[in-house]
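For reference, the structure discussed in these notes is given below.
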Amino acid sequence: MSNQILVFKINNELYGIDILKVQEILNFIQPTPIPNCPDYLKGIINLRGTIILVIDLRARFHFEEPMNPDNCVIVVVAIGNKKYGLVVDSVSDVLTINEEDIQEDIDINSGIDNRYITGLVKANEQMIILVNIDKVFLKNELDDLNNTVNNSVV
């Protein structure tokens with residue numbers, strides 16, 4: 001069976017997420033900051049009447065170097081019944097991968113929590129780290145973020 005993934009770059013590493021989770025890709029919009037939030041939550045944007053939390057994946061993955069707003073894009077994804085904006089360095093491709101090509105028993109020392117990683121796949125002579133976007137945040141983390149934002153915006 002094959003899946004399509006959106007390939008994006010953070011910190012010169014390639015990552016892939018299931019294309020079915022992706023709603024759209026936006027040029028970087030400076031989010032409105034929200035007080036008392038984790039450092040990876042950059043704030044909120046209003047996307048055609050919908051308030052979307054903007055999350056810096058570089059900070060969430062604990063990379064030292066901060067994002068560069070001049071060179072970022074926001075990938076809008078659906079997690080549960082809400083949309084979130086994920087800040088990544090760039091989006092490079094949509095690839096079709098075969099499940100049998102995914103290496104699942106890997107020991108990645110990328111500094112990223114392994115619960116996010118579903119495996120590695122090689123495409124065009126490059127390794128792509130497959131990320132399960134549903135596991136990047138624990139459900140209670142998203143609930144806490146949404147509650148903080150709702151309490152701040154009211």
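Each row is one residue, and each column tells you yes or no for (1) more than 13 Å from V136 (Cβ to Cβ); (2) surrounded by 15 or more Cβ atoms within 10 Å (Cβ to Cβ); (3) of a type in the set (V, I, T).
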{"site": "P33", "(1), (2), (3)": "yes, no, no"}
{"site": "L41", "(1), (2), (3)": "no, yes, no"}
{"site": "T50", "(1), (2), (3)": "yes, no, yes"}
{"site": "E64", "(1), (2), (3)": "yes, no, no"}
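For the stretch 1-13, residues that are open to solvent by 20 Å² or more (accessible area, probe 1.4 Å) and within 16 Å of C72 (Cβ to Cβ) total 4.
The values are calculated or read from the model by the stated rules, or taken from the named source; none is laboratory data. All figures in this text were calculated on a predicted structure; none of them were measured in a lab. As a convention, Cβ positions derive from the backbone with ideal geometry for all residues, glycine included, and neighbour counts pool all protein chains shown. We work out accessible area using only protein heavy atoms, side chains counted, and drop any ligands, DNA or RNA first. Shrake-Rupley method; radii C 1.70, N 1.55, O 1.52, S 1.80 Å.
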